[in-house]
């Protein structure tokens, strides 16, 4: 049966239409993420460093005069802790800008609260999907087995590193069924020293209005930023190397064990096939 070009075109249009309607939600989400990051890149590119710093300082002063302004910052922190949003680090700087070193306490509380809220929300939204993904995806099953076997040290190392951005790190741990809420909370507590440094940098930047201390504070700020960047790169390299090594080792172990399991399954089947023949001969 020959298919005419017109009929082929109609079939193609019908297929595209059904596929687009089937995956409308997924496409909308992908386009939203791309648009969000494009707008963010445009704002960073168009806005000069001085304008961004001035905007941050003005926002900090406005929040200082607002009653319970730290609660508003905590709410914003909870929102940006959900993927695909970013901005956890700048919010920590804003705590230091606004409240000085006293801003560490609401920043630490907001970090822990946001992590727990995001983890619990995404875990409820995922439902049984992590277990389904574990049963069907070999690499995901290996990752979950590695995290289960290595336990808290590996979870803490991944959490402290910049291997995964903050919001996506919350989503990653929520999607791994072997990670409990208590383990995730304890691992997040190890991030508090980094929170302290971010708040400290924000408090220092707020003092840049004093021209006599401006150059000295700028050098100290660059030094602390360099420590954060270098430390983050080292932790990320260590965490990614360990995760890759353990996951590949677990995948190899799973693949080596599957033929043995097939042999064990085949042996009883052979025995059942031989049993009727032996009974009939008796």
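None of the figures in this text is laboratory data; all of them are computed from the coordinates on show. Given the structure is predicted, the values throughout are model-derived calculations rather than measurements. Note that we place each Cβ from the backbone using ideal geometry, even for glycine, and neighbour counts take in every protein chain shown.
For the peptides 185-194, 98-107, the ranking by packing is 98-107, 185-194, with the highest mean count of neighbouring Cβ atoms within 10 Å listed first. Site pair residue 233 and residue 82 shows an inter-label distance of 3.5 nm when each label is modelled 7 Å from Cα along Cα→Cβ. Each residue, residue 185 and residue 61, gets one label point 7 Å from its Cα in the Cβ direction; the gap between the two is 4.0 nm.
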